Amino acid sequence: MTLPVFLERDKKRLLHYADHRKPLFVGHYWLRGMPKLLKPNLACLDYSACKTGRLVAYRMQAINGEGRKTLAAKNFVWVDVTEDQLIA
């Protein structure tokens, strides 16, 4: 997985987000490629839509037995953005 360029302190905070914590959705990282989880409870929804990437959303599913919501890669949904859809 290729992480975008951002401040090193931000990267360390995200990658050390504990697995037992509630799901966290982040953006402003201009990822490329197919949407996927960064960690079991961490997802980025920014896949460069304004650079002909993907406009991404996540569909939350039922609560698991421990009372926390479970993230799964299959719950990402998106549309590909084409050059002609961009606002000049």
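Observations on the structure shown:
- Note on the stretch 43-64: residues that are farther than 17 Å from R21 by Cβ and modelled with pLDDT under 80 total 4.
- When residues of the stretch 15-50 are limited to those that are assigned to a strand (DSSP E or B) and of a type in the set (D, E, K, R), the one nearest to V77 (Cα to Cα): D46
- D19 vs. criteria more than 21 Å from Q85 (Cβ to Cβ) and either loosely packed, with under 11 Cβ neighbours inside 10 Å or at pLDDT 85 or above (or both): yes
- Restricting attention to the stretch 23-43, the residues being of a type in the set (G, A, S) and either surrounded by fewer than 16 Cβ atoms within 10 Å (Cβ to Cβ) or more than 11 Å from V56 (Cα to Cα) (or both) number 2.
The values are calculated or read from the model by the stated rules, or taken from the named source; none is laboratory data. Small disclaimer: the values here were computed from a predicted structure and weren't measured. Here Cβ is always computed from backbone atoms with ideal geometry, including for glycine, and neighbour counts include all displayed protein chains.
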